[in-house]
């Protein structure tokens, strides 16, 4: 697995992988902010270990995703709305303000920390002015492609 992941992800400063048991590994490399990461189409859930943390004891229950919210009505592409959606879906982390301000996309991108044990929420009523607006949306969870063909590998 070490060789396959190193060949696929190409971390700039190298990678160290140590198996610690119970299907858990300690990865030491510099690119966690770009999560989500996958291996053989399975989500890898990371936790930044602090000094004294036991890798077998930390909860691997949360991960961050960039989420695209499509089909929003005009006027809904604001930071306030992005925060409302983010906190409804999980915990709001960030949003792509450049795309919102510049009108570059017809969807809103927000970064959300999600509990992987929970189902994704697909409906919400939001308050716009004094009106309650029921919305349904398509949530597309998109991980940037981090794979490459590895000749002769068993991935």
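General observations
- Residue in the range 110-128 that is within 19 Å of the chain's Cα centre (by Cα), at pLDDT below 85, over 25 Å from residue 27 (Cα atoms) and surrounded by 12 or more Cβ atoms within 10 Å (Cβ to Cβ) present: yes
- Among (1) under 23 Å from residue 45 (Cα atoms); (2) modelled with pLDDT of 80 or more - the single one residue 139 does not satisfy: (2)
The values are calculated or read from the model by the stated rules, or taken from the named source; none is laboratory data. Here the structure is a predicted model, which is why all the values come from computation and not from measurement. Heads up, the Cβs are rebuilt from the backbone with ideal geometry, glycines too, and the neighbour counts pull from every protein chain shown.
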